[in-house]
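Step one of this worksheet: look at the structure below.
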Amino acid sequence: MGEFILSIDQGTTSSRAIIFDKKARIISMAQQEFKQIYPESGYVEHSAQDIMGSVMAVVAEAVVRADITADDISAIGITNQRETTLVWDKRTGKPVHNAIVWQCRRTAGYCEELKREKGAFIYDKTGLIPDAYFSATKIKWILDNVPNARRRAQNGELLFGTVDTFLIWQMTKGKVFATDYTNAARTMLFNIHTLEWDGELLELFGIPESMLPKVQSSGSFFGYTDKSVLGSPVKICSAVGDQQAALFGQLCTEKGSLKNTYGTGCFLLMNTGDDPVRSKNGLVTTLGASLSDKPPYVLEGSVFVGGAVVQWLRDGLKILETADDSETMAYSVEDSGGVYIVPAFTGLGAPHWDGSARGIICGITRGTSKEHLVRAALEGIAYEVADLVRCMEKDSGINVTRLSVDGGASKNNFLLQFQSDILDCETVRPEVVETTALGAAFLAGLTSGLWQDFDDIRSTVKTGKVFRPDMSEEQREKLLSGWQKALRQTKAD
Ligand code: ADP
């Protein structure tokens with residue numbers, strides 16, 4: 001049996017393939033960016049061919065670099081950008097439209113109406129607050145706007161899939177039409193309580209059930225790849241949405257465990273076990289990854305501007321050469337000198353939900369230096385994440401004592417130490433920060449038998465660095481009250 005896992009991470013701006021060994025070490029990696037298509041303001045599309053082409057290219061490259069063959073691969077795991085929507089012809093495999101990307105706002109107007117009229121109905125079934133992100137209204141848009149699409153869909157000629165489904169269908173040459181719970185849960189068509197496609201929602205959006213893939217556990221056998229993919233057939237043993245993959249890759253399989261990804265924005269996910277928590281703060285409830293047919297529930301929230309504030313300091317204000325420099329600059333001053341930056345560039349999300357709020361820099365004096373500004377920006381990210389964590393604690397009744405972290409900005413030690421201080425809890429950064437690809441690999445390897453059980457994995461994974469709180473209660477209170485004051489000033493009126 002093969003000793004390696006091939007993990008395919010199909011993301012929003014690039015596709016990546018990573019080969020892991022049994023010790024969860026990266027043996028090789030390949031990455032390819034592809035075109036973002038903006039046909040109109042607020043519209044975002046990908047060409048299905050670009051998605052497929054880039055995936056095939058990186059798979060081949062990673063395998064060559066690792067100097068292995070298909071026989072050395074125990075299983076393939078797939079993780080993907082969530083919600084992005086593809087509709088294709090069942091017979092020819094030809095998409096009827098470009099993929100409509102999760103960021104695309106083309107259905108935003110309709111979603112506002114939905115939220116007002118059917119918000120509670122949809123939330124009760126799906127755990128989601130209606131938004132243009134989710135696939136349902138994107139499918140409806142395709143059926144309403146592509147000539148003959150609705151008729152063809154009703155005749156059973158068209159299939160819908162998120163990117164995982166499309167890749168599996170393509171790699172098995174149309175033999176397998178399936179998705180997993182985590183991807184299904186983000187379509188706004190899946191009932192997270194009954195774990196089935198919801199007939200009433202399908203009717204609401206006018207989507208025939210024949211278009212929809214079979215839903216199975218994230219870690220389970222999906223099918224064999226066609227031999228054209230890797231020379232001989234290889235088992236596909238996982239499919240999982242990127243955020244839930246990262247949660248699994250961080251080993252957050254216990255109730256109450258949570259991870260934050262510090263990327264352009266931040267994504268915070270908490271495993272709430274078999275309890276589908278109803279948020280009072282506008283967080284969504286979704287499904288997590290597992291090997292069983294009873295996936296755990298997950299509470300999810302996001303911060304719109306995370307690492308992006310560092311990008312802005314670098315590219316907008318030009319007070320940073322590189323994002324990495326922010327760490328030394330922040331450490332070079334004792335504190336932020338009373339400066340707060342609230343990076344509400346596009347409004348504030350949970351728990352504030354103020355779309356008209358805008359960013360603010362306050363507390364500036366004659367002595368304020370660019371180092372103070374950089375430090376205040378990093379602290380701003382940590383305060384935002386802390387607010388979200390507190391929100392999850394309130395909603396779930398779970399006290400957070402440890403936060404697992406990943407994403408581009410998580411390599412900043414200053415940020416993570418301040419996060420620990422302000423949250424008064426441990427922050428843990430794993431050694432392998434490719435947690436998304438790793439999560440898909442763990443699910444695939446547990447399914448294929450490369451790893452026996454979860455303990456087998458725990459014993460192979462090395463904890464990277466643990467940051468422990470080192471701030472007095474008094475100091476924390478003082479800083480947090482300054483943050484609250486700054487937040488109030490971002491409000492429109
Ligand atoms: P995404 O997947 O959202 O594109 P990444 O996980 O690649 O994002 O993280 C990129 C973000 O992290 C950028 O916004 C960048 O400004 C920020 N970033 C990268 N390195 C650092 C660093 N050392 N300190 C702070 N922020 C950083």
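Do we find a residue being over 23 Å from GLY338 (Cα atoms), surrounded by fewer than 23 Cβ atoms within 10 Å (Cβ to Cβ) and in contact with a Leu (Cβ under 9 Å, 6 or more places away or on another chain) anywhere in region 402-425?
Checked against the condition, which is being over 23 Å from GLY338 (Cα atoms), surrounded by fewer than 23 Cβ atoms within 10 Å (Cβ to Cβ) and in contact with a Leu (Cβ under 9 Å, 6 or more places away or on another chain), region 402-425 yields at least one hit.
With the checklist (1) without any contact (Cβ under 8 Å) to a residue 40 or more places away in the chain; (2) open to solvent by 20 Å² or more (accessible area, probe 1.4 Å) in hand, flag the one item THR107 doesn't pass.
Here THR107 clears every test but (2).
From (1) more than 16 Å from the ligand (Cβ to nearest atom); (2) open to solvent by 10 Å² or more (accessible area, probe 1.4 Å); (3) part of a helix (DSSP H, G or I); (4) under 18 Å from ALA330 (Cα atoms), pick out the condition that doesn't hold for ASP395.
(4)
Just one of (1) open to solvent by 20 Å² or more (accessible area, probe 1.4 Å); (2) in contact with a helix residue (DSSP H, G or I) (Cβ under 7 Å, 6 or more places away or on another chain); (3) modelled with pLDDT of 95 or more trips up TRP169, so point out which.
(2)
Against the condition part of a strand (DSSP E or B) and open to solvent by 20 Å² or more (accessible area, probe 1.4 Å), how does VAL240 come out, does it pass?
no
Would you pick out the residues in region 447-493 that are among the polar types (S, T, N, Q) and part of a helix (DSSP H, G or I)?
THR447, SER448, SER459, THR460, GLN475, SER481, GLN484, GLN489, THR490
Restricting to region 243-266, and then to whatever is closer than 30 Å to MET171 by Cα and not in a loop (DSSP other than H, G, I, E, B), can you tell me which residue is nearest to the chain's Cα centre (by Cα)?
Once the filter is applied, the top-ranked residue is GLN243.
Here are the criteria: (1) farther than 17 Å from GLY219 by Cα; (2) among the aliphatic types (A, V, I, L, M); (3) not in a loop (DSSP other than H, G, I, E, B). Tell me which single one VAL277 does not satisfy.
Among (1) farther than 17 Å from GLY219 by Cα; (2) among the aliphatic types (A, V, I, L, M); (3) not in a loop (DSSP other than H, G, I, E, B), the lone unmet condition for VAL277 is (3).
Please enumerate the residues belonging to region 243-284 that are open to solvent by 20 Å² or more (accessible area, probe 1.4 Å), within 16 Å of the ligand (Cβ to nearest atom) and among the hydroxyl-bearing types (Ser, Thr, Tyr).
THR261, THR264
Mind listing just one residue for me: the one in region 287-302 that is of a type outside the set (D, E, K, R) and under 12 Å from the mean Cα position of the chain (by Cα) and, of those, modelled with the lowest pLDDT?
SER302
Hey, could you check region 398-446 for residues that are in a loop (DSSP other than H, G, I, E, B), aliphatic (A, V, I, L, M) and within 15 Å of the ligand (Cβ to nearest atom) and say which is farthest from the chain's Cα centre (by Cα)?
Among those that are in a loop (DSSP other than H, G, I, E, B), aliphatic (A, V, I, L, M) and within 15 Å of the ligand (Cβ to nearest atom), it is VAL432.
So which residues in region 176-201 are among the charged types (D, E, K, R) and either part of a helix (DSSP H, G or I) or at pLDDT below 95 (or both), if there are any at all?
The one that is among the charged types (D, E, K, R) and either part of a helix (DSSP H, G or I) or at pLDDT below 95 (or both): GLU200.
Given the conditions (1) crowded, with 24+ Cβ neighbours inside 10 Å; (2) more than 14 Å from the ligand (Cβ to nearest atom); (3) more than 30 Å from GLY445 (Cα to Cα); (4) of a type outside the set (Ser, Thr, Tyr), and given that GLY306 satisfies all but one, which numbered condition is not satisfied?
Unmet for GLY306, out of (1) crowded, with 24+ Cβ neighbours inside 10 Å; (2) more than 14 Å from the ligand (Cβ to nearest atom); (3) more than 30 Å from GLY445 (Cα to Cα); (4) of a type outside the set (Ser, Thr, Tyr): (2).
Could you grab the pairs with beta carbons closer than 8 Å, sequence gap of 6+ or different chains, first residue in region 57-86 and within 21 Å of GLN36 (Cβ to Cβ) and of a type in the set (A, V, I, L, M), second one open to solvent by 20 Å² or more (accessible area, probe 1.4 Å) and in a strand (DSSP E or B)?
ALA57/GLN32; VAL58/ARG16; VAL58/GLN31; VAL58/GLN32; LEU86/PRO95
Test of understanding: among LEU317, LEU287, LEU313, which residue is under 26 Å from GLY380 (Cα atoms) and open to solvent by less than 20 Å² (accessible area, probe 1.4 Å)?
LEU313
Has region 469-481 got any residue that is under 24 Å from the mean Cα position of the chain (by Cα) and either open to solvent by 10 Å² or more (accessible area, probe 1.4 Å) or of a type in the set (S, T, N, Q) (or both)?
Among the residues of region 469-481, not one is under 24 Å from the mean Cα position of the chain (by Cα) and either open to solvent by 10 Å² or more (accessible area, probe 1.4 Å) or of a type in the set (S, T, N, Q) (or both), which makes the answer no.
So that you can scan it fast, the table gives a plain yes or no per residue for (1) open to solvent by 20 Å² or more (accessible area, probe 1.4 Å); (2) at pLDDT below 95; (3) within 15 Å of ALA308 (Cα to Cα):
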site: SER332; (1), (2), (3): yes, no, no
site: SER336; (1), (2), (3): no, no, no
site: TYR340; (1), (2), (3): yes, no, no
site: ALA350; (1), (2), (3): no, yes, no
site: TRP353; (1), (2), (3): yes, yes, no
site: THR368; (1), (2), (3): yes, no, no
site: ALA377; (1), (2), (3): no, no, yes
site: GLY380; (1), (2), (3): no, no, yes
site: ALA386; (1), (2), (3): no, no, no
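Give the residue, chosen from PHE20, PHE34, that is touching a residue at least 12 places away in the same chain (Cβ under 8 Å) and either open to solvent by 10 Å² or more (accessible area, probe 1.4 Å) or farther than 27 Å from GLN244 by Cα (or both).
PHE34
So, in region 134-158, exactly how many residues are crowded, with 23+ Cβ neighbours inside 10 Å and among the aromatic types (Phe, Trp, Tyr)?
Of the residues in region 134-158, 1 are crowded, with 23+ Cβ neighbours inside 10 Å and among the aromatic types (Phe, Trp, Tyr).
The values are calculated or read from the model by the stated rules, or taken from the named source; none is laboratory data. Quick caveat: nothing in here was measured; it's all calculated off a predicted structure. Cβ atoms come from the backbone with ideal geometry, glycine included; neighbour counts cover every protein chain shown. The accessibility values were calculated without ligands, DNA or RNA, using every heavy atom of the protein model including side chains. Shrake-Rupley method; radii C 1.70, N 1.55, O 1.52, S 1.80 Å.
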